[in-house]
Each structure stands twice: as C-alpha cells, then as structure tokens.
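Worksheet: the structure to be examined is printed underneath.
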Amino acid sequence: MTHSVENPSEKTLAEKSLIGRLGPGLITGAADDDPSGIATYSQAGSQFRFALVWTLLITTPLMIGIQMLSARIGWVTGEGLAANINKLFPRWLTKTLVGLLVVANTINIAADIGAMGEAVRLLIGGPLALYIIATGLLCVGTQVFFSYERTVRILKWLTLALFAYVAVILTVHVPWRQAVQESLHPWAFLPKDISAKDYAAMVVAVLGTTISPYLFFWQASQEVEDSNRRPESQALKIHPAYAAEHLSRIKQDTYIGMTFSNVVALCIVIATAVTLNEQGITNIQTSAQAAEALRPVAGEFAFAIFALGIIGTGLLAVPVLAGSAAYAVSELYGWTAGLSHDFHEAKGFYAIILAATGMGTLIGYLEVDPMKALVWSAIVNGVISVPIMAALMCIGQSRTLMGDHTIGTGHRVLGWLATAVMGIAVVVMFATSF
C-alpha cells in the first residue's frame, strides 16, 4: 500500500507551528556563536569598532547557502556528509578530512570549556580547574545519558542564551548613525595604528568563525536522525509535494538559524565597540576576558549577562562540536551512530564524543594559551573547509546521489561563491599568519 502526503498518520509540516518547524538549522546557527566565536567577535569590535560589520552582512547569505546544502544532502540521501563524500572521492581524502575535523573540533572544545569555566569563576569565584572539569562532564552527560528527544529540546532551549547579547545592546548607548557610517566606509575610520595585514587577518577570522566545517556535518546528521525516527518518511520522499514541503522546512529552519546567529554576532561586535574600544581596551583574547573588561565599563548587569551567555552558548556548542566529530568518524567506518541510540548500541559513536570532550577538557584544564589554540583550530579548519565545501557542491549536483533533488542554478552560484570566498580567505590567512 502506497503512502500519500495526506496520510493522517503523517502529520504534515504545514500543520506545525513555527517553533515546531525549527530544529537542526536553529541549533546549528546558535552553536556557531560559541565562546570561541564570541572571543573573535569581541576582538573585532574592541579593536576595529564598526569596521568589520560588513563581513557579517556578506557572510549571512553564504552561510545560509552552504548550510542549506548540507541539510539537503542529509535529508535526501539519508546519510551524513562523511558517508556521501566517501562515495564520490578517494577514501584516503575522506579519512584525512575527517581526521583534521576531529583535531580542529577537539581544540575548539578545549577553548570553549576553558572559557565556560572562566565565566563561572568570574560570576561566583572558586577554583577554575573544578569548573572546567564540571562543565566537561555536564556536556558529556547530556549526550550520553539523555534521549535524543530530550537532548534536542535542551539544545533548543539553550539557543535562548544568545539573547543575552541582544540584552547587552539594550543596556549600553549605541550611536547608530555613527555605526552605520563607519560600517559603510570602514577604511575611512580605521585607527592609524591598524595595518592592512591586521585588518585582513581579522576579516579572515570572522569568515572562519561564521562558516565552519563542524556546522556542515552536524546539521546534515541531524536531518538524517530526524528522518530515521520516521521510517515511513523514506518512502514518502518520492512524492513531490512531501519532498517540497520538507525542503521548504529545511530552507525556513536554516534561514532563521543562520540569520539569528549573525544578528547575535553583530550585537557582540557593536556592544564591544561602544564599550571596550571607547575605553581603549583593544586586545581581547578570550570571551571571559571580554566579560571581565565589560564590568567597569558597562556595569555589573551587562557583565553578568555577557558571562551567563558564555556558559549557555558553551553548553550548546560543545555537544555540537563533539557530536559532529562522532557522526563523521562513525559514518566513515560504518559504525552505528546517532543520539537516538543507547550507549551500548553505538559504542564507537559515543566513544568519539567521550574522547573529543575528554581531550578538550584536559587541554582546558592544562590552561593552554587560548589564542594559540584558536589559531591552530582556525588553520586546521581553513585547510579542510574549502575541499569539504567543494565536495558538498559536487554531491549537491550529483543526480546519482541526489536524484531529482539536485540543487538549482541559484543555489549552485551561491554555494560556489561561498567556496571561492573561503578559498581566498584561506590564502589570506596563510599570507598573514607566517
């Protein structure tokens, strides 16, 4: 017996509320504003004022394009990105990209957990080492011991932590006319002691923070998980109306998630520009340092909101970082994977989550220089982002893998443009780093 879209057993997406239609895209976008990203945006605002606002405006459509493609691949093929890349490209290349992804994610986890522990210490005092270990255990526990449904609900609620940075904007005075003017003509307002090399390096840092490989893998895998929870959805994909409805949901979810992500990033840049930069504070190395510097400038309330935001976003981002690495490795080696499985059903998958989070916690405990860690993470992400994005474009255009759901001309142009921009950014990164 064939299924139709109108089958009453399958509740259509059109019947769901907006909140019900949001999921992987919203969580992925929010996870992009992790404590490491907050540090980058804080540095951009404190050092360059409004001169980098334009980067967040142009990366928004590029980010939407590549994330929408990642989600589309996951939903259409029923497999994650590593499995699909492995089908089109040599296995040694897939292994290399996945291996570097795990390394970059682990370094990022270390920086995020360290920032979370420091934020807790700033708020309540006490031993930093204890808070680092506690946050690492908490991040692991939510993934290992909670069901998939509960984990997703928690991650959705944690996205609310990002509104802390919108609240910071409301507590400080922003000269909006000046902000718009400097954003439109950044070179005319740059401080004289800022070199073109410094400016280019920060442009690359912002690009690398907003468009990151771990986000590609996570959103695709979440679409796979959601489909697997509804076995009948595979059969229903052949119905044009059903497919169009789900692809529309992916588009809406991704548009909202990525726009939300960059609006929050914009708030952080503006907040630090009108507070820290005005006071001559132009060197921010961690998000916790930004929060501490904000206290005497913007007051206790703004400081507390900023610090609480670091903790909330870290609790959201670390599971995404560890989870995306686990999905990629599991897909590559054919292991059972997914947060919908128990630990004993997907031991390899959860072992990667434990290893990545454990190593990240250890590195954070050893108090490795956070800026050096982020530089190495950016370099590794830069090395793998362009080939991964190019691979995604090839998959998205492959009728063998995507069937009737290959991407259209507009999406191809946007995707290849994003890939080219990241390629240029990587070249500039190496030129300015060495």
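For the stretch 311-358, the calculated P(r) over all alpha carbon pairs, in 5 Å bins from 0 to the bin holding the longest distance, is 5, 25, 30, 24, 10, 5, 1 percent. Across all directions, the average projected area of the convex hull around the alpha carbons of the stretch 293-434 is 13.2 nm². With a Cα cut-off of under 18 Å and a minimum spacing of 8 residues unless on different chains, the lysine pairs in the chain number 6.
Each Lys and Arg Cβ is given +1 and each Asp and Glu Cβ -1; about its Cα centre, the chain then shows a dipole of about 520 debye. Mean-square fluctuations from a GNM of the chain, with a 10 angstrom spring cutoff on Cα atoms, peak among Met359, Met63, Met258 at Met359. For the peptides 385-396, 193-204, the ranking by mean Cβ contacts within 10 Å, running from highest to lowest, is 385-396, 193-204. Helices meeting the span-like rule in the chain (full DSSP H runs, Cα extent of at least 18 Å along the helix axis, mean Kyte-Doolittle score of 0.5 or higher): 53-77, 91-124, 128-144, 196-210, 240-275, 300-333, 347-365, 370-396, 409-433. Summarising the overall dimensions of the stretch 238-366 from its C-alpha atoms, the Rg and Dmax are 20.2, 60 angstrom. Heavy-atom accessible surface of Val144, to the nearest 10 Å², is about 30 Å², with a 1.4 Å probe and all protein chains retained. Here the peptides 74-81, 399-406 are ranked by packing, the mean other Cβ count within 10 Å, and the order with the highest first is 74-81, 399-406. In plain terms, if you count all Cα to Cα distances in the stretch 90-240 and split them into 10 Å steps from zero, the share in each step is 8, 20, 30, 25, 14, 3, 0 percent. Across the stretch 59-166, the fraction of Cα-Cα pairs farther apart than 25 Å, rounded to a whole number, is 43%.
Only protein heavy atoms count here; on that basis, with a 1.4 Å probe, Glu225 has an accessible area of about 10 Å². Largest to smallest in accessible area, the residues Asp32, Asp342, Asp226 fall in the order Asp342, Asp226, Asp32 (1.4 Å probe, all protein chains included). Projection of the Cα convex hull of the stretch 78-139, averaged over all directions and equal to a quarter of that hull's surface, yields 5.6 nm². Over the chain, DSSP H runs of length four or greater, each weighted -39,500 (n - 2.57), average out per residue to a 222 nm ellipticity of -25500 deg cm²/dmol.
The values are calculated or read from the model by the stated rules, or taken from the named source; none is laboratory data. Given the structure is predicted, the values throughout are model-derived calculations rather than measurements. Using ideal geometry, Cβ is built from the backbone for each residue, glycine included, and neighbour counts are taken over all protein chains shown. To get the accessible areas, we keep the full protein, side chains included, count just its heavy atoms, and leave off ligands, DNA and RNA. Shrake-Rupley method; radii C 1.70, N 1.55, O 1.52, S 1.80 Å.
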